[in-house]
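FYI, it's all coordinate maths here, none of it is from the lab. Just so it is clear, the model here is predicted, and its values are computed rather than measured. Positions of Cβ are generated from backbone atoms using ideal geometry, with glycine treated the same way; all protein chains shown enter the neighbour counts.
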Amino acid sequence: MKQASGSAVVSAREVDLSYGSTLAVSGARMSVDRGEVVAITGQSGSGKSSLLYCLAGVLPVTRGDVRFEGRSLGELGDEELSALRRDRFGFVFQYGELLPELTVEENTALPLRLAGQRKGQAHMAAGDVLGRLGLSELRQKRPSQISGGQSQRVAVARALVHRPAVVFADEPTGSLDSANATAVLEEFLVLARSQGTAVVLVTHDPVVAGRADTRYAMADGTLTAVQVGV
């Protein structure tokens, strides 16, 4: 298994996560470098999403250590963690999770607006990313007026608009048909790599996982490196 390194963007060292008496993650050890795409595969209930949320600082670990750019998340207070997730992390979820009352452009610009950027600048940046994803014509539409594939593209744009250090993606193509899933994933990875953004991708789909630089499999809370091309 690839070892956690001091230069990694995100790293986990012997991470355990327990829900009561249930051990959801056991001894997870991994690292993610700048611009690297890492996939974690496994069946439902294997612990892969729990590990993702530990890496993102959403769930506190029971034992072990998660670090971002060398600093332990366990040392950060609630305000620091919130600022980190807002400013340095991006998130893509299975169903997009767009805000229905906002336009596509407003949804995309939201991370920048929450970080205090002026509306004009934020919307200009949002328009640029939407254009790169072929969504310029949808800027003033609302989520109820666009398709599922388009919604997921907007979610990708929102996750990348503030050029985060790392994007955490939980089954980002799970709700899409194969054609849309392939298109969204391709756009997502090309844009992320062009920005030098690391991606941690959770999926049960081996085709999606096959696009990653590094792959791990998770079963019963245990993380194992997958030898690609063997």
Over the chain, what is the mean sequence separation of C-alpha contacts under 8 Å (at least six apart), divided by residue count, expressed as relative contact order in percent? 30
The range 121-230, convex hull of Cα, quarter of hull surface, nm² -> 8.1
Binning at 5 angstrom from zero up to the longest distance, how are the C-alpha pair distances of the chain distributed in percent? 1, 7, 15, 19, 20, 16, 12, 7, 3, 0, 0
For q values of 0.15, 0.18 Å⁻¹, compute log₁₀ I(q)/I(0) with the Debye formula on a Cα-only model of the range 184-230, without solvent. -0.44, -0.62
Please give the charge dipole size of the chain, origin at the Cα centre, charges +1 on K and R Cβ atoms and -1 on D and E Cβ atoms. Round to the nearest 20 debye. 420
Ile40, Ile146 arranged by Cβ crowding within 10 Å, fewest neighbours leading: Ile146, Ile40
Could you list log10 I(q)/I(0) for the range 54-97 at q = 0.17 Å⁻¹, which the Debye formula gives when each Cα is one point scatterer? -0.49
Going by alpha carbons, how many degrees (0 to 90, nearest 10) lie between the helix axis of 178-195 and the longest principal axis of the chain? 80
Against the rule of thumb 2.2 N^0.38 Å, how large the Cα Rg of the range 135-183 comes out: 1.19
With a ≥ b ≥ c the root eigenvalues of the C-alpha gyration tensor of the range 1-88, is it rounded (a/c under 1.5), prolate (a/b larger than b/c) or oblate? oblate
If you line up the long axis of helix 104-114 against the longest principal axis of the chain, both from Cα atoms, how many degrees apart are they, to the nearest 10? 60
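Compute the length gained on full extension between Gln195 and Ser82: take 0.36 nm times their separation in residues and subtract their Cα-Cα distance, giving the result in nm to one decimal.
My answer for the length gained is 38.4 nm.
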Centre separation in Å (Cα based) which lies between the range 106-123 and the range 157-230: 25
What net charge is computed for the residues neighbouring Ser44, neighbours being all others with C-beta under 15 Å from the C-beta of Ser44, Lys and Arg scored +1, Asp and Glu -1? -3
Computed label-point distance, nm, for sites Asp177 and Thr224 using a 7 Å Cα→Cβ extension: 3.6
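Please compute the net charge surrounding Gly57, taking Lys and Arg as +1 and Asp and Glu as -1 over other residues with Cβ under 13 Å from its Cβ. Working shown, then result.
Numbers: positive: Arg67, Arg71, Arg85, Arg86, Arg88; negative: Asp65, Glu69, Glu75, Asp78, Glu79, Glu80, Asp87.
That sum, taken over residues with Cβ under 13 Å, equals -2.
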With Cα coordinates, the longest principal axis of the chain makes an angle with the long axis of helix 78-87, in degrees rounded to 10, of 50
